[in-house]
Each structure stands twice: as structure tokens, then as C-alpha cells.
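Worksheet for the structure shown next.
Derivation of every value follows stated rules applied to the coordinates shown; laboratory data play no part. Computed from a predicted structure; not experimentally measured. No Cβ is skipped: glycine too gets one built from the backbone with ideal geometry, and neighbour counts run over all protein chains shown.
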Amino acid sequence: MGGGARGNSRVGARYGPAREGALVNAPEEVPGTGPVPGPYPPPPWHLKGQMWGGLFPAESVPAPPPDLSRLLPRTLAVFLIRYRAGTLRYDELIVGTPVRRGRRAGLYIQWIWVDDERSLWGGRRIWGVSKRLAEFRWDGSRVRVTDGEGPVAVLDVTTKLPSLPRLPLPMTGFGSVDGARTVATARFNARPAAASLRVTEWSARLPALRRADARIRFAATSFDMLMPAPARYPAPTAT
């Protein structure tokens, strides 16, 4: 797909090669291995910013590891976050699957991009999420995300004011470091608001979406998050 996605048409595209000078992904494919080019902040990370999120029906979604169970079939959660103050300042795109581990529900992060190298290595080494470097180019309410392999996504976001009063909203994420399962629950206080989240371009490296608009969408006009060091559990095994 070279242009926009319309209506409920499937959203998926095959793009050309990465443009010259594009940001290159870190060499480490498995969190916790490989050289670290520079320091990153220790946990906890205190971050403030804005967030947009939504749930999208997808053609197919890779199965999570055996210790995690899907909460929704063929569904991807997409989050676009702008961390504007705190430990670090950076933009982030998350694509993952809503899951549970025992009685604890959260997000299994399958793809994630950031535009800050310290966030990349901290995410990999502390929380065990395979962050990649990308460029986030904003034009008003539209953002184009590009990494070393080429375009990732183009998203249009809007927030419908007024927002609600600030509320505590716990957020749990699952990762993996050195084969161990990591589980981190952030202390997250936000002013939630109605929003729109629309995908106008989507890389073929990601599962194809069945519609361009999020089925369920939401935003936080401002949030304050404290992300602690994760708990670690024995490595998951196949059954």
C-alpha cells in the first residue's frame, strides 16, 4: 500500500528498501546480549507525557510464549507515546498482544520502536523488550515512523477534549531477559480522554490489520508514570 487505507479495508503494505541514511537497528536481537554502546538510566524511570492507544483486529497474530495466554483473538494493541519530561525524553511506538500470566493481565510487547538509544538499551537490558531505533517525523497530528529497514507506520491521532480527571491506571508489561520472564507494573496516573487512532500506512513486517481505525481507542492528555525494575520468573517452557 503506497497510500492511505480507507474504511474497513485491510491495512498492510510492502515497502521498498530503506532510504539512505535511515537509522539503523541495534545489532542485538535478543535482549540481554551484545555490547552496550553507552550508559542508560537505572530503574525506576519517572516519565511524563502524552499517549494514544487502540485495539485493532488483525489477520493473524503470532502466538505468545507458552507461559502467556491471549486475552483477545487476532487483536493487536497499538500505543503511540511521547515522553516529554522525566528520566528521558523520547517517542515510542508499541505493537503487542493483550495477554495474561496466571491472574495478571497485561501487554506482551512484540514490536517496539524508540528514537533514543538510552531508552533502547535500558528497555532491552532492564525490562527485556526488543526495542529498535526509529525516526519519528511529526506533521501536526500525523507521525511517520521509519527504521533502518524502511517505513514502519504512519499514524493519525486526535484527542477529544475535555479529558477526565486524573486517574490511577496500572499498566503491566511482559518481557524476557536471559530467558527469564520479566513482569513490570508501572504506577501510571493519567487524564484519560476519548481519541481517534488511524493507521494510514503499515509495514508488511507487521501483521496485516483488518481495518484502519482502532476498534477501541483512548488517549491520555497527560500522564505521570513510574516504571520500576521488573520481577523475574523462571524461563517459560513449551508444553
Subject >> Relative contact order (%) - criterion: Cα under 8 Å, at least six apart; region: segment 144-212 >> reply: 38 percent
**OP:** Pull out a ≥ b ≥ c, the square roots of the eigenvalues of the alpha-carbon gyration tensor of segment 45-233, then state rounded if a/c is under 1.5, prolate if not and a/b is larger than b/c, and oblate in the remaining case.
**Re:** rounded
Subject >> Protection-proxy order for peptides 176-186, 143-153, each taking the mean of Cβ atoms within 10 Å per residue, highest first >> reply: 143-153, 176-186
Original post:
Once the dipole of segment 45-233 is set up with Lys and Arg at +1 and Asp and Glu at -1 on Cβ about the Cα centre, which of LEU167, GLN110, ALA220 lies farthest towards its positive end?
Top reply: LEU167
Original post:
Near ASP91, within a Cβ-to-Cβ distance under 11 Å, what is the net charge of the other residues, with Lys and Arg +1 and Asp and Glu -1?
Top reply: 0
Original post:
Restricting attention to segment 72-127, which trypsin sites (Lys or Arg not before Pro) occupy a DSSP loop and are surrounded by at most 14 other Cβ atoms within 10 Å?
Top reply: ARG74, ARG103
